[in-house]
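Everything on this sheet refers to the single structure shown next.
No lab work stands behind these numbers, since they all come straight from the coordinates. Remember, it's a predicted structure, so these values are computed and weren't measured experimentally. We place every Cβ from the backbone using ideal geometry, glycine too, and count neighbours over all the protein chains shown.
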Amino acid sequence: MKLISFEYRGKTGVGLIQGADLYSLGEVGATFPQDMQSLLAGGQTMMDRIRQFSASLEGPESEGQQLKAAQARIPLNEVRLLAPVPRPASLRDAYAFRQHVETSRRNRGLAMIPEFDQFPVFYFSNHRAICGPGDVYCMPDHFDRLDFELEVAIVLNKQGRNIPAAEADDYIAGFMIMNDLSARTLQMEEMKLNLGPAKGKDFATALGPWLVTPDELAAFRVPAPAGHTGQAYRLEMCCRVNGKEVSRGSMAEMHWTFAEIIERASYGVDLFPGDVIGSGTVGTGCFLELNGTGMLKDPAGYTEQWLQPGDQVELEVSGLGILSNLVLLQGAVTQQ
C-alpha cells in the first residue's frame with residue numbers, strides 16, 4: 001500500500017493511494033485513523049484494516065462499501081502532499097553505506113575507520129523540522145555549502161526494546177525517501193568540538209512523497225550482505241538538481257540492514273510507533289562526497305557544486321517515487 005499525509009481544502013488527513021485516486025481514511029469510518037500518528041499507533045491491526053478496505057476497492061462492492069468509497073475518494077491531483085510522517089516521535093539517521101563512509105574519509109586523507117564494521121552508528125536529528133514535497137526555506141547561513149543527502153527512511157509502528165535483528169523487520173510500517181539537507185560549513189565548524197551534528201542538520205529534513213508498505217517492495221528483495229541479518233532491497237536511487245543527474249546508487253549497497261540498525265537503536269531503550277530512522281547517505285549521494293572526489297582527481301580544474309537558492313532537488317528511488325523540493329532563501333526567522 002501507498003499511504004500519504006495530505007492537505008485538502010484547508011484540512012489535513014491521512015490517505016490511501018489507489019490508482020489515480022486518494023481515499024481519505026478518516027472518511028471511511030470511525031475505526032479508521034484521522035492522521036498518520038494514529039495510523040502508526042494502531043500497529044498491525046490498523047494496517048490489516050486498511051489493507052482490507054484497499055482490497056474491497058478492487059473487488060465487488062456492496063452498496064454500503066460503494067457509499068463509503070465515494071465519500072472518501074479525492075482526486076490525487078487536487079491535494080497538497082505533506083511529509084508522510086509529519087511529526088515523527090523521533091528522528092535517527094544511520095551511517096549504513098560503506099562506500100559513502102570510505103570515500104568521504106579517503107577524500108580527507110583518512111583511513112577507513114574499523115569501528116564501522118563493528119556496529120551500526122546513528123545520530124539524532126530534529127524530528128520537529130520535517131518537510132514534505134515542495135518548498136523548503138533555508139536561512140542565509142544554511143546556503144554556505146548547502147548539501148542534499150540521498151537516503152531511504154523507515155518508520156516504525158510497533159513498540160519494542162532490545163529487539164533482535166532477526167525480528168526487527170516486523171516493526172517496520174513502511175519506507176519513504178529522505179533528503180537529509182545539510183549546511184556543511186555549520187556542520188564542520190561545530191563538529192570540531194566533538195559534538196553534533198546539530199545546527200548543520202536541524203533546520204530541514206524532507207520525507208516523501210508517500211509511505212510504501214514492505215509488501216509493495218517484495219519484487220525488489222535481495223539477500224542481505226554476507227554475515228548480516230534482515231531484509232534487503234535492490235532499490236535504485238538517484239538525485240537530480242535542476243533536471244541534471246548528479247548522483248546514482250542502490251539501496252542494495254547498504255552494509256548494515258535496517259533490522260540491524262533497529263537492534264542497535266533499541267538496546268536498553270524503547271522504540272515507539274512513529275520513530276523514523278534514515279539509512280544514511282548512499283555512495284555518491286551528496287555534494288560533500290562528490291566534490292571531495294572531484295578535487296582529489298583534478299585539484300586545479302574541478303569546480304565545487306553546492307545547492308543554491310532556487311535549485312530544484314529531485315530524489316528518485318525505485319518503488320518509492322520521487323521526492324521533489326525547491327530550496328529557497330528565507331530572509332528572517334518566522335515568528336510562530
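Results, tabulated for the structure shown:
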{"item": "Computed [θ] at 222 nm, deg cm²/dmol, the chain (DSSP H ≥ 4; -39,500 (n - 2.57); rounded to nearest 500)", "result": "-6000 deg cm²/dmol"}
{"item": "Fully extended contour minus Cα-Cα distance, from R106 to A20, at 0.36 nm per residue", "result": "26.3 nm"}
{"item": "Using a Förster distance of 25 Å, the FRET efficiency for A70-Q34 (Cβ separation, nearest 0.05)", "result": "0.85"}
{"item": "Nitroxide proxy distance, nm - points 7 Å out along Cα→Cβ at D298 and Y267", "result": "4.4 nm"}
{"item": "Alpha-carbon radius of gyration plus Dmax, which is the widest Cα pair, for segment 1-104 in Å", "result": "16.7, 60"}
{"item": "Gap separating the Cα centres of segment 276-303 and segment 216-239, nearest whole Å", "result": "23 Å"}
{"item": "Neighbour-count order for V269, V212, fewest beta carbons within 10 angstrom listed first", "result": "V269, V212"}
{"item": "Segment 136-143 - phi-based ³J(HN,Hα) in whole Hz, Karplus 6.51/-1.76/1.60, Gly and Pro as x", "result": "10, 9, 10, 6, x, 5, 5, 7"}
{"item": "Anchor K2: lysines whose Cα lies under 23 Å away (excluding residues fewer than 8 positions away in-chain)", "result": "K11, K68, K158"}
{"item": "³J(HN,Hα) computed for each position of segment 74-88 - Karplus, 6.51 cos²θ - 1.76 cosθ + 1.60, integer Hz, glycine/proline x", "result": "9, x, 4, 6, 9, 9, 9, 6, 9, 4, x, 10, x, 9, x"}
{"item": "Relative contact order (%) - criterion: Cα under 8 Å, at least six apart; region: the chain", "result": "23 percent"}
{"item": "In Hz, Karplus ³J(HN,Hα) per residue of segment 28-42 (6.51, -1.76, 1.60; θ = phi - 60°; x = Gly, Pro)", "result": "6, x, 5, 8, 9, x, 8, 8, 5, 4, 5, 4, 5, 5, x"}
{"item": "FRET efficiency, 1/(1 + (r/R0)^6) with R0 45 Å, evaluated for D144 and S54 via beta carbons", "result": "0.45"}
{"item": "Ascending count of other beta-carbon atoms within 10 Å, so fewest first, for I113, I154", "result": "I113, I154"}
{"item": "Pairwise label distance in nanometres, E245 with R9, each label 7 Å out on the Cα-Cβ vector", "result": "4.2 nm"}
{"item": "Residues H228, H142, H255 arranged by fewest to most Cβ contacts within 10 Å", "result": "H228, H255, H142"}
{"item": "Charge dipole (debye, nearest 20) of segment 105-228; +1 at Cβ of Lys and Arg, -1 at Cβ of Asp and Glu", "result": "320 debye"}
